[in-house]
Amino acid sequence: MTRAAVIGCGDVSVVHLQAIGNLAGIDLVGVCDTDPARAAAAAARYGVPGFAGHRELLDAVRPEVVHVCTPHHQHAPVAIDCLEAGVGVLVEKPVAHVVAEADRLIAAARERPDVKVGICLQNRYNTATQGARALSTPGNSARFWAARPPCSGTVIRRTTRPGRGVDAYGTAAAASSSTRPSTLST
């Protein structure tokens, strides 16, 4: 069994945790989040130890691969710590919040060619992305500013993202007074 862990227990982690649970030969051995309530909720839900610090998780449960689902500015530093510990990583997009951090991760990966690194780029399969790609074929001079998949009715931005209400585990997150859902009509 491959020992896997998830660092960052926000909304996107649910998809990673479900995928890990659905894969044969993968054993979830721990979760981590800097928010103790979120880490505890995910740990209880999946029956694994929960940790507040990723280095603590790496030392205690010794995973072979870690899914990095933290806020964007934490992707590269956490992934680099995993690589230095000899642990493979799957990093959520974007790889980093600035190019310099992405370059640091690339350099760390080159120093550890025996450890695998993957970046989650699933949006390339979304309807809007496929449509944009079709429009941008050689010889087509079409320019586009934005694209969104076809839908009907009103689209309301989710208010279940970290820091914006209730998270994926049903725990209250600190809502910012400057954050408000927006409504887009079609």
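The values are calculated or read from the model by the stated rules, or taken from the named source; none is laboratory data. Everything numeric here is computed off the predicted structure, so don't read it as measured data. Quick reminder, even Gly has a Cβ in these numbers, built from the backbone with ideal geometry, and neighbours come from all protein chains shown.
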Just to be sure I understand, how many residues within the range 52-101 are closer than 22 Å to Q18 by Cα and among the charged types (D, E, K, R)? 4
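Please list, ordered by residue number, the strands (runs of 3 or more DSSP E) wholly in the range 1-90 having 1 or more residues that are surrounded by fewer than 17 Cβ atoms within 10 Å (Cβ to Cβ) and of a type outside the set (K, R). Explain how you work it out, then say what you get.
Numbers: elements: 2-7, 26-32, 65-68.
In the range 1-90, the matching strands (runs of 3 or more DSSP E) lie at 2-7, 26-32.
Would the range 104-117 turn up any residue that is part of a strand (DSSP E or B) and at pLDDT 90 or above? Show your work before the answer.
Let us first name the residues in the range 104-117 that are part of a strand (DSSP E or B), namely 117.
Keeping just the survivors that are at pLDDT 90 or above gives 117.
Checking the range 104-117: at least one residue is part of a strand (DSSP E or B) and at pLDDT 90 or above.
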